[in-house]
Each structure stands twice: as structure tokens, then as C-alpha cells.
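Report on the following structure.
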Amino acid sequence: MVSMKILIILLIFVCAAFFVLYVGDFSLVLLITVIALPIVMFIMLLSVKLRSRVNIILSSDTASKKEVFDITLCVDNKSVIPVGKAVAVVDYYNVFNDEINSFELSFPILPRNSQKITLQISSAFCGLLKINCAFIEIYDPMRIFRMKIGKNTGKSIVIMPDCDDIYGIVSDIKYGNDESTVFSPDYPGDDPSEVFDLRDYVPGDKLNRIHWKLSSKSRDLIVKEYSYPIDSDSVIFLDLSFTDDSEYVLPLYDTLVELFTSLSRLLISNGRFCTLVYYNYAEKGFARRTIDSAEDLGVVIKEIFLSFSDDLYMEPFENYFSDTEFLKTSSFTLVTAEFDEKLMQRIDRSVFADIINIFVAVKTSDDARKFSGSYSDINIMPVVAGRINSIEKSFEI
Amino acid sequence: MKKNRSVNNSGIEICDSITMSVRRRKINFRKITLALLATLGFYSVALSFLEMFGFSYDAGVVIAAILIFSLFYAIISLTGKKFVWFASASLIVFSVLALRNMDHLTDGFKFVYNFIYKISNHREINYFKHLDPDLEVTCTTLLFVFAAWFISFVIYTFTVVRPNPIPVIIVTFPLIEVGLYNGIELPVFPGILVIAYWFGLLSVYGNDAGRYNGGEGGFIRKGDNFAPKRNMRLKVTEQCAMIVVSVIVVAAAAALCVMKATDYKRSESVDNKRSEIKHAVNSFSVNDIDAGIAELTAALGMKVNINKLPLGITDRVNYKHITDLEATFSGACDGAVYIKGYTGGIYTGREWENLDNEVYDVNKEMFDDFENANIYPQDLPHIFMELATGEDDKTFSLEEKRSTVRTYVPYGAAGGEDLEYDRDLSVSSQKKGNEKYSYDFIYTSANNAAGILGEKQSAEYSFLDLENREQIIDFTEKKGIPNRYNSVSLDVYLKNGLKSVKTGATDGNALMAGLLENEYREFVYDNYLYLPDTDSMAEIYDAFSDILEKSKTAVTAKSKIELLKELRDRISSMTEYTLSPGRTPSNRDFVNYFLFENRKGYCSHFASAGAVLARMAGIPSRYAVGYIVISTDFNENTKNGDGSYTIKVADDRSHAWTEIYLDGFGWVPFEFTTGFSDSSVFSQSQMTTTPAVSGTTDFTRPTVNTPLQNSDSERADKPGTQTLTAAVTQTETVSSPPNTGNLPEANENGGISVISICIFCVLSLAVLTLLVFIRRFIILRNRKKRFSEGGISGRIIEIYFYAEKLLAFIGENRENRSYSEFAAAAEEKYGGRYFEKGEFIRLKDIAIQSSFGRSEPELEDLAFSLDFAERFAKKIYRNSKLYRKFYMKIIAVLI
């Protein structure tokens, strides 16, 4: 385009010289034409700019890892001028790392028409994928001038993590809490506010537990079992803060989220619910969410991703324990990528749980070998990035 | 289709499959639009060319041919892949028929060339002779039919099939340019259509360049860039082209309408500017680039100071007889008026140049004194003439009729407004453009200066009552000149001293001028007597020693002038005046060669010789260039109603002369050129045709060189002169005043001009570039074919030999070594640098197995070989320096 500009400027000078040197009407007409041409081109381009709209459409707001999804660039040109060449610069990145990639897409824009250019994208890592059309440069028919339309038109899509099979033992230990409104799905208790189950009468059962109304309709006596109010039986603490800025950032994030997902799934599939604690960047504080179904899990994952913003400052992990004096739970699981002794001591002091697991996502197998022993009663398990199945130690959660 | 994917560090893949859809699908007329564009281009080019010249040809046949060829190529260009076959067949037929009719085609070309030659040179002379006029129509028609055939092939091929404006412009531009260059009027409408076609094609090319990837439409990918293929159905490049064509046609039509409505006429100033630029371009010479550039810049409205004037670089001078200056005198002058534009102070043997700036820096204080007193060395003759003669100031005004390099001022002028004095040399104007300058002027010549000058006398002048008393006191105190009792003593050469003839009293301004002249005289004698210390100079001195010896006794201005006249007569007796003396050999001293070998020259030769000899006689002298107006120019024809005279000074009055310094007065012109006097100039019609005697030192040989005393009007009456003038004007042979005698040989016979050479060079370069790229394209295509077609073994062997070529490029030839030895040496030398260690040995092993093994190599081996060769070539290219890269890509075509 620069060369075309130079060519036109040169042509104007040449035509001016030609006008001086050549006696004849043609030279003047030529000079006027060569001067008029860029002016008209500019006006035409301006008209296209003013009468064009750009939009980005995504086929869905969520997708799985490695699932191909469509991204459609919609350009609506209401003017009668076609654009021979338009170049869209589309930026895309995963919010888990700050590396913005982009691609350029050249295409023509038809006059008085609406057109869609559809591309297919997939992501190898989970996270929030932001796709932004930085601008579309449109050129006049002679490619002398260019203007930008559709600046910063963007959309985002959540890439859901995969759920790997993880082989752990779900503990039976529970902690009753009469004031809790959460009831054990597995064990009956004495809280009459909610019926846990109905069963046939067994000698020795209390008479006030017999469901007389139901028993009258059947031949046998039916006994009500009351619910067992409990505290959260499993807490998973997801620590998504780490200072690494190598090429392992995304695999590590991906591993952390997938570890959490897999652990949650393990609990849910065993009829247990869990509580997730994570730092919500949008709310700038620690958030606590109870997950007792796969749907809950999906919602929470989206929430985690969407909470990511450009400002990734996170409060120190220990702050949570200072706010919460004692974390009383049957099992406590920390999923992190940064391990240090102080943190272990803090957890040891602040967490009151029968089972404490720490899953540390590491970059390589060599890094994993450094975690040879355990700290006190804390079960430390390194997980190589991208290889959740590599957890060799058996663990109870 | 195999899909490529691009994965980046974010793990995000962009798939190749891009689709584009539109809401309202319209019928695609892309090829048809391009065919229409090509048709427009073809007809407009043909129409423009044929309308420019009134050739004798059978119009019916040519028009039919144009229609048939355009229809034929339009149809076959729409056939897609079959076009290649049709076009090839048509080219073969074309070549065969052209060869069979070569004689007629050649004659046709000669007829056409003769026609264009006659029109462009405005003369009825044929360039090619011995042509049968009866065959003119037949041969010209045949040539046009074949030309139409070829041009239609080029236009349709490079507009519809492979849009590319370069070959189209290469073929069509000369057809238009041949008329424009020779000043033949191009019909506006067809001309604009040609321009519209070129721009339209440029638009198609600009939007489509490099997108020919074959296959179906859609997008192609290069890294992170996606671009539509040429065949993409939804492209709008052709619509863009038609918009461009429409814009140009509408703009041109509107401009034409306005021009017709307003009855547009070219302004005189534009025509003048045209004439100046043309003049400057025609006078441009590589022999004297400084002057050429100065002329060009002057024509463009900028004046560039030239310090040097090369001598003897051209063999002849031609005049166009156009008016350069218009001089108006308030009264007649009784002698020649020299109007100076350049002064050369240093003679080097091959050129005149100004004194070094260092000399002026050393004497800065003196020039500051001049400036403070508002008196300059150039003003001295005017002051002293006014003082000694009591003559009233005349007014002299000068108007440049065309832009010139310098500002011209006559001797005896002073007080010009808007003038900037260039030290002691000349003046330059602060005005821009061709404006009129006015000066106070008293006619000054060497003779009338000698009349008022006498012997040196020391006189004392009182400045007590003078207006500039303070100025004189400051000056004398600064210089340490005694000024007791308000009087000062100084050397004076004027017969009447520094007292005004009119008033009889001491003139303050003259006294200050006298004081400054006393100081400047020393500077003059220090710097303007210099001559190079060479054998050539010694030879000149020896030859003129009898006269030069007399200089010891020549102390007064009159005696000095008598001495100079004697020198002039001797020079005149030795040499003859001609405008075509030939060039001075580059190893010779200009003056020496003129006086003793060539003995022919024009004013530059005489003036240089005069200046050198004056210096040898101890008279400070310089070389001056400008114009001359003679006394006979002041006649009834030039007289105005108010008694003033307006004289048109043509380029044939450009002149060079010697200026000498008269003590106590200043610089005055002195004429050394044979045939030039106060009342005459040597005209071209007076030139002797006597051949010069070269190679002799008998400079006393009597040569008849009687100057004819013809006036301009007399000369104009001569038919011979008129004929010459007309011819020169038609062929635009020109001369330039500042470069008197230093102009390139004019192109009287329509030979190759600078522009022609430039165009030829550009076209040659374009053709060469095209050939180089065609060669590269063919080599790369063949290599790709060898690597991708045939059996695996054969392909691997080809790849190996390609790798060997790459190694040879970086300095490792196999020569007589075995494959293993060569591979080991290459590994040792380049393994790890250009490729991984062991890779070349592996390639060698695979190649040997392919050649001699029983089984066919694996596909994996082929893939490795290809990958290796590609990486190796890229690595070499990346690590090479720029010129090696160029060599590798363009000459060796290894990548």
C-alpha cells in the first residue's frame, strides 16, 4: 500500500511535469484525473467505513478441550462500494496466560451485502478463551488509503476441563453438627427436620419413629429414619496463584483445574459433596462454593474462569486461614502449583481434618521426584503437568 | 484436502477451513468483467496510436483484424485451462506467419518509422531510404495486423487470465509514448481510456497479487495469515477495477467539459516553463553535471551557485536563437555592454573556479569593511566613473525571459535593490522567479576607464566637512592610517583625484571607496595573478615573452591596455574563431592546446587565453561569463517612445570575456575574442570554413580572420542564417549563457537524447528483470517437479544432488572424492552448523541405497530427505550476507 501511495504521488509529479512539457489538452485532463483519483478513492472509502458494521459470533459459550468450535466474523456493508481487500486482525488468548496471539484474515467485502467468515478454533487447555477482532483494515479499490472499522469487537468462550479418572478412596469419616443444614446423604441421624429414609420396622426401633400413616396403608410397619446434619465432609482448596511465567503456565493451570475437577467428580460419584475454596479475582476475595452435583461443578468452573481478569493479584493464600480460625472437615485437599514448608506448617496448625492431601502440580517428572516424603500427617502428592493419571500414591479423601 | 493446523504456545489451534458466505448471492461476472476491461484497453490503445499518426494503411483490414483478434482472445480467455492450448497454437501460427512475411513486416516497420521520424522532426526526410512507396499501404497494414495480433494476445492474457499490468504496460506504453515524446497531440478520450485501463488493471493486480494457488476457491494460509485465493468466487477485484475505470472516465469527462465550457487555453507562463525545462533537459550533459543540475534547478525555479566552469568538454556550440534576457537602458551606450553572471578567479588548466573560501576567510575583515561602508568591489567602477566624468546615472533594468542559473549585472551598475553581493565576484538576486531587476548604471569599459586614469599619485584629502566623517575616522583608526587634522593620505590613480568633476569638492563616498580600493588592490594582486606552475604555462610565456617583457614598463592603465591589445592581436593571428573547435584532450592544458595545437576556439578559449596572458603580464585578470550587448543594438528598432532602449538578448549573445583590474578603478571587461568589438559580434554566418592546421607550432602563420562587422539586422536578412535558425529551432539545439562553449553537442539529427537513454535503460532493466524471474520460475518449477514426481528412489537422488549443490555453494565441492569421504568432510565442516550432525551422512546413505539398493526406500526416508534439503537451504540462506542471498536466490536459484 505504501508503494501504491508513492506511485500515486510520483504519478502526480510526473503528470504535473508532463502537463508543463506537453502541449495539448490531454496533459491537463490527465493531471486533473490523477489528482482526482485519490480524492474520490478516499471519499469512497470513507463512505464504506461509515456504512459498515462488524460483529463476532461464537457457536457456543462453552466448549470442551480440543473441541472445535466456530467463530464467525460478520461484516455488514450497506454502501454500494465494494472493498477489494479488507484485513481483519483477530487477537486470541487464554486468560490463564498473557500471551496474545493473532492472525490476519484478508477477504473482500461485497457491496450492499452481509457476509460471514467462519473459522474453526480449538484449545488444548482449559480456561477462558478471549477472541477479539482488534480491527478490520479496509482499502479503497486502488489500495491507496486504508481505514479501520470494527475496532475491538470481542467475545469469549469457556473451555471446560477434561475429567480424568482418578483412583482415590473416599473416606467414611464425618463430623456431625446439629446446627448444620447440610445432611449426610449416606448416613441417618437424629435430626427430625428432614427424613433420611423409610424402612421396615426392626425390633428395637423407637416407637415414635414409626410412620403410622404409611404403615396403615401397608401390611408392615414402616419406620422413618431421620437425617444426620453434618459439616462439609471434604474441602478442596484450589490455589491458582503461582509466579511461574514459563511455557508451563497453561499446562500447570490446566492441571490444577483438572485435578480439582477430577477430585470433585470422585466425591460426587461416591455420593459425597465437597466444598471448594478459591480466590475470586472479580470479587477480590476468597469464595466458598458447595458442589454436590455435576451441574454445580460446571457452574463453579465457569465462575472460576470468568472471575479471571487482567489484574491477577491474589491475596496471600494464608489469609484465608487467618480469617477462618479452624477449618473443621473430614478431609482437606489443597490443589496448588507452589509448595513451601511455611504453608505446610500453617495448614497443620489451622486445618482440623482427619485427612489432609496436598496435590502439587509440577512441570516435569524430575520435579515430581523431589517430593519423596510426607510432612507430618499431610499427604503430599506431586502431579506432573498434563498427567493427572501419573498419581502413583494411593490417597484417601 | 490435507488440513494444516497452526498451534501456538497457548494451545489454541486455528484450523485451515475458513468459509465465507453472503446473505444475498449474486451472479458472478468476474471473467466477463475482466474481458470487458481488456477489450476497453485494447481498443483504446489501438485508437490512440492510430489517431495520433495519419499512417497510410488499409483501415478496413486493420479494423477487421482488431475486431477479430479481440473477439478471439476474449473468447479463449474465458475458456479457463484450455486457454493455454489455444494461446500456444495462436502464437505458433503467429510466429510462422510472421517469419514468412518478415520482409513485408520489416518494410512496414521502416515505413512507420519514417512517418514518425518525419512528423517528430518536422522535416520531409526519410530515415530509411530505398523503400518502394507503392508497398507502403500493404506493408504498413500487414505490420498493424500483426501488431494487433500480438498486442491483443498480451492484453487479454495479462488482463483476464493472469492480471499483471507490467507486461501490458511494457507493450502498450511505447505506442502512446512515441507520440507524446515527439510532441504529437494525443486524442483526449482514447488517451484517457488507456489510462483508465492501466489503472483498472493495476487495481486488479493490487488486490490479487500473488494469490494464484490453483485449485478451488477459498482461502489459502501462510502462517497466521489467511488470504482469499484468486479463484474465490466472492471476490470483488473486478468490481473495484470497473469503479476505478469509471472514476477516471467521469473525472476526465468532467475536466474536459469544464475546459470546453471555459474555453481553456494554456497559460503563457506554463509554456515558458515548458520551454525552460526542455532547454535545461536538452543541455544536460554528463560531462558537466554541475552545470546541468544548475540549469535544471534554475528551470524549476531554484538557483544553484556554480563555482566551477569546466573547459573544453564539448566540441561545438549551437544556438537556438531564443530570447534569454530583455535589457532596458534609459539611454544609448557607445560601446559594448558586458552583462556578467559568473566570474572565475582560479585557472587550473582544465577549468575556471572561484577562489577558495579560505582566502575569503583570511580577508574577512576587509570584506566586512566593504559591507560596513555599504560599498562593494563591484560598485567601485560606478563610483569612480560618476566622480570623474560627472555623468548622470542611466537606469538599466533586466528581465529574465527564461529561468537562468545566475543573476546578470553589467559593469558600472550599482545600487540594485534586492541584490546580494557575492564577495568580489558577482551578485545574486534575492527575488524569486523571472522578475525584473533595476540598477543605476554608468557605461563602463576598459577604454573609457583608461581615459580617466593616470599615473599613481599620493594625495591628501580633508574629510572634516564630509557627511561620512565618522565612518572615515573609524576606518582609518582601525587600519592605523594617519588622519591628523581630519585629513587622510592615500594612493589615487584618477587624473582628477577624488574630487567630483561636477562640484569640484572631495566626494565622501568616493573617498571611502578610495580607501577601500587601496586595501582591496593588495588582495587582488595577491590572488588574481596566480597561474599553475606547469610546462604548458612556461611554453605560453616563452611564446609571448616578447610582448610580456614590455609589461615592466606598462604602469599606466593606458599602457596596460595597449599591451593587452598587442596580446590580443597575437592571439588573433595565431588562431581562428569557430563554434566547433572540438574537445580539448583531457590531459592537455586548455589554453596551451588552444594556442599551439588546435588553434580554433570560441569566446571561452579566447577569454581564458587572454586572462592567462594578462596574468603573465602582471595584470590581475579573471574569466567572466554572461551576455554582450553591442552599440549597434541601440537603434531605431529597439528605441522606445521615452527614449529608452529595450534590447532582447538572445542566447547567441552569450559570451565569455576577460576582466582586468585597473588600479584605482576596479574590474573592467576586456575583449580578447576575435571578431568581437564594441560594435560587432562574430555571427555563425561569418565563420570561416578553412580547416585548421594542427600539429604545428608555427603560430606566426598568417591566418585570415577578418571579422565582419554585420549587425543583427543585416545578419537576419541573410537567407542562410534564416535557414539555420529554423533548423536549429526545430531540432531544439540550444546553448546556455553561463556555460558558453561548455554545452553538450546538440542533437540536431534526432539522435539519442538523455531521456531516450534513460527510457532505454529502464526498459532494458525491466526486460532483464523479467527474464531473470522467468528463468528463476522455470528452474524452481522443474526442481519441484523432480522432487515430487516419479519414483521415490529417483526423487531422493535428485534431492541428494541438490544438497551437493548447496554444499558447493558454501564451499564444499565433492570433486574426485568418494561419496563417503565427501559426506564425512561435509559433516565435519558443517555438521551442527547448517544441519544436525549425522544428517548428511544419513542422506548420503539413503541416496546410495536408492541408487544401488534392491528395495525401494521408505516414504519416511523421502520425507527426511526433503525436510533436510529444505532446512539446509533455508539455513544457508539465513546465514548468508545480503549479496550472497541475492546470488543464491537470483543467480544460482538454489532456494
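Give me the lysines in straight-line cross-link reach of A:Lys342: C-alpha distance below 22 Å, same-chain residues under 8 apart excluded.
Excluding near neighbours in sequence, the set is A:Lys328, A:Lys363, A:Lys370.
For peptide A:136-148, compute the average count of partner chain beta-carbon atoms within 10 Å of each residue's beta-carbon. Could the numbers behind the result be given before it?
Values: counts 0, 0, 0, 3, 4, 16, 11, 7, 1, 0, 0, 0, 0.
The shielding value for this peptide is 3.
Add +1 for every Lys or Arg and -1 for every Asp or Glu among the other residues with Cβ under 12 Å from the Cβ of B:Gly390, and state the total. Intermediate values should be presented prior to the final figure.
Working: positive: B:Lys499, B:Lys502; negative: B:Glu386, B:Glu391, B:Asp392, B:Asp393, B:Asp507.
It works out to a net charge of -3.
Among B:509-518, B:219-228, how do they line up by average Cβ neighbours within 10 Å per residue, starting with the highest?
Numbers: B:509-518: 23.1, B:219-228: 17.3.
So the order, starting with the most tightly packed, is B:509-518, B:219-228.
Of the listed peptides B:483-491, A:24-32, what is their order by residue-averaged count of other C-beta atoms within 10 Å, with the highest listed first?
The peptides rank, most packed first, as A:24-32, B:483-491.
Count the net charge of all other residues whose Cβ sits under 13 Å from the Cβ of A:Phe69, scoring Lys and Arg as +1 and Asp and Glu as -1. Mind showing how you got there, number by number?
On the way: positive: A:Lys65, A:Lys66, A:Lys155; negative: A:Asp61, A:Glu67, A:Asp70, B:Glu13.
The answer is -1.
I'd like the mean, over residues of B:236-245, of how many other protein chain beta carbons sit within 10 Å of each residue's own Cβ. Show your work: numbers first, answer last.
On the way: counts 11, 5, 2, 8, 12, 3, 2, 11, 7, 1.
That average works out to 6.
Among all helices in chain A defined by DSSP H, which have a length of 15 Å or more along the axis from Cα atoms plus a Kyte-Doolittle mean of at least 1.0? Display every interim value, and only then the final one.
Working: long enough: A:2-21 (28 Å, 2.88); A:25-50 (37 Å, 2.36); A:249-269 (30 Å, 1.15); A:294-306 (18 Å, 1.14).
Once both thresholds are applied, what remains is A:2-21, A:25-50, A:249-269, A:294-306.
Compute the distance in nm between two label points, each set 7 Å from the Cα along the Cα-to-Cβ direction, one at B:Arg781 and one at B:Val555.
Between B:Arg781 and B:Val555, the simple spin-label model gives 9.3 nm.
Suppose R0 equals 45 Å; then what is the FRET efficiency for B:Glu870 and B:Glu539 from their Cβ-Cβ distance, rounded to the nearest 0.05? Show your work: numbers first, answer last.
On the way: r = 73 Å, r/R0 = 1.63.
Calculated value: 0.05.
Starting with the highest mean, order A:335-343, B:327-335, B:187-195, B:606-614 by the number of other Cβ atoms within 10 Å, averaged over the residues of each peptide.
Values: A:335-343: 16.6, B:327-335: 18.3, B:187-195: 22.2, B:606-614: 28.1.
By packing density, highest mean first, the sequence is B:606-614, B:187-195, B:327-335, A:335-343.
Nearest 5 percent is fine: what portion of the DSSP beta bridges confined to the protein assembly as shown is antiparallel? Could the numbers behind the result be given before it?
Working: 136 of 170 bridges.
Percent antiparallel among DSSP bridges in the protein assembly as shown is about 80.
Under a 10 Å cutoff between Cα atoms, tell me which one of A:Ser47, A:Ser293, A:Ser156 has the largest fluctuation in the Gaussian network model of chain A.
A:Ser47
If you stretched the chain out fully between B:Val250 and B:Asn879, how much longer would it get, using 0.36 nm times the residue separation minus the C-alpha to C-alpha distance? The partial results should precede the final answer.
Working: separation 629, 0.36 × 629 = 226.44 nm, distance 5.32 nm.
Between B:Val250 and B:Asn879, full extension yields an extra 221.1 nm.
Kindly flag which residue pairs out of A:Lys85/B:Lys885; B:Lys129/B:Lys278; A:Lys85/B:Lys31 have an alpha-carbon separation exceeding 23 Å in this structure.
Details: A:Lys85/B:Lys885 32 Å; B:Lys129/B:Lys278 30 Å; A:Lys85/B:Lys31 18 Å.
Over 23 Å apart, Cα to Cα: A:Lys85/B:Lys885; B:Lys129/B:Lys278.
Once amide H atoms are built 1.01 Å from N in the peptide plane, which residues 5 or more positions from A:Gly189, or in another chain, come under 5 Å H to H?
A:Tyr226, A:Ser227, A:Tyr228
Straight-line reach from A:Lys206: which aspartates and glutamates have Cα under 16 Å away, leaving out those fewer than 8 places along the same chain?
Leaving aside aspartates and glutamates fewer than 8 places away in the same chain, those within reach of A:Lys206 are A:Asp190, A:Asp191, A:Asp197, A:Asp220, A:Glu225.
Would you mind calculating the gained length between B:Ser677 and B:Ile481 on full extension (0.36 nm times residue separation, minus the Cα-Cα distance), in nm to one decimal? Kindly include the intermediate steps, with their values, before the conclusion.
Details: separation 196, 0.36 × 196 = 70.56 nm, distance 4.24 nm.
Gain on stretching B:Ser677 to B:Ile481: 66.3 nm.
Strictly over 25 Å apart at the Cα level, which of A:Lys49/A:Lys155; B:Lys235/B:Lys874; B:Lys784/B:Lys875; B:Lys229/B:Lys875 would you flag in this model?
Details: A:Lys49/A:Lys155 22 Å; B:Lys235/B:Lys874 34 Å; B:Lys784/B:Lys875 19 Å; B:Lys229/B:Lys875 30 Å.
From the list (A:Lys49/A:Lys155; B:Lys235/B:Lys874; B:Lys784/B:Lys875; B:Lys229/B:Lys875), the Cα-Cα distance tops 25 Å for B:Lys235/B:Lys874; B:Lys229/B:Lys875.
A 20 angstrom limit on the alpha carbon distance is what I want to check against. Which of B:Lys82/B:Lys785; A:Lys116/A:Lys148; A:Lys148/B:Lys26; B:Lys340/B:Lys600; B:Lys785/B:Lys805 exceed it? If you can, show how the numbers build up before the last one.
Details: B:Lys82/B:Lys785 22 Å; A:Lys116/A:Lys148 18 Å; A:Lys148/B:Lys26 27 Å; B:Lys340/B:Lys600 24 Å; B:Lys785/B:Lys805 17 Å.
Distance filter (> 20 Å) returns B:Lys82/B:Lys785; A:Lys148/B:Lys26; B:Lys340/B:Lys600.
Got a sec? How would A:Ser241, B:Ser580 order by Cβ neighbour count within 10 Å, fewest to most?
Working: A:Ser241 16, B:Ser580 13.
Ranked by crowding around the Cβ, least crowded first: B:Ser580, A:Ser241.
Taking amide H atoms as placed 1.01 Å from N in the peptide plane, list the residues 5 or more away in sequence, or in a different chain, whose amide H sits under 5 Å from that of A:Ala124.
It is A:Lys66, B:Ile12, B:Glu13, by chain and number.
Given the Cα atoms of chain A, and with Rh set as the inverse mean 1/r over their pairs in the Kirkwood sense, what is Rg to Rh to two decimals? The partial results should precede the final answer.
Details: Rg = 32.4 Å, Rh = 26.2 Å.
Radius of gyration relative to Kirkwood radius: 1.24.
When you take every Cα atom in the protein assembly as shown, what is the radius of gyration, and what is Dmax, the widest Cα pair distance, in Å?
48.7, 166
Convert each backbone phi in the range B:647-660 into a coupling constant with the Karplus relation 6.51 cos²θ - 1.76 cosθ + 1.60 (shift: θ = phi - 60°), then list the ³J(HN,Hα) values in order as whole Hz, x for Gly and Pro.
In residue order, the calculated couplings are 10, 7, 9, 8, 5, 6, 9, 5, 7, 10, 8, 9, 10, 10 Hz.
According to a simple spin-label model (label point 7 Å from Cα along Cα-to-Cβ), what is the distance in nm between B:Tyr819 and A:Leu46?
Those two pseudo-labels are separated by 7.0 nm.
Report, as an integer, the average count of C-beta atoms from other chains found within 10 Å of each Cβ along B:672-680. Walk me through the intermediate numbers first.
On the way: counts 0, 0, 0, 0, 0, 0, 0, 0, 0.
Taking all residues of B:672-680 together, the mean is 0.
For every other residue with a beta carbon closer than 10 angstrom to the beta carbon of A:Met41, add +1 if it is Lys or Arg and -1 if Asp or Glu, then tell me the sum.
Working: positive: A:Arg143; negative: A:Asp140.
Counting the neighbours of A:Met41, the net charge comes to 0.
Coordinate-derived values only; no laboratory data. This one's a predicted model, so the numbers in the text were calculated from it and none came from an experiment. Neighbour counts are summed over all protein chains in view; Cβ atoms, including those assigned to glycine, are modelled from backbone coordinates with ideal geometry.
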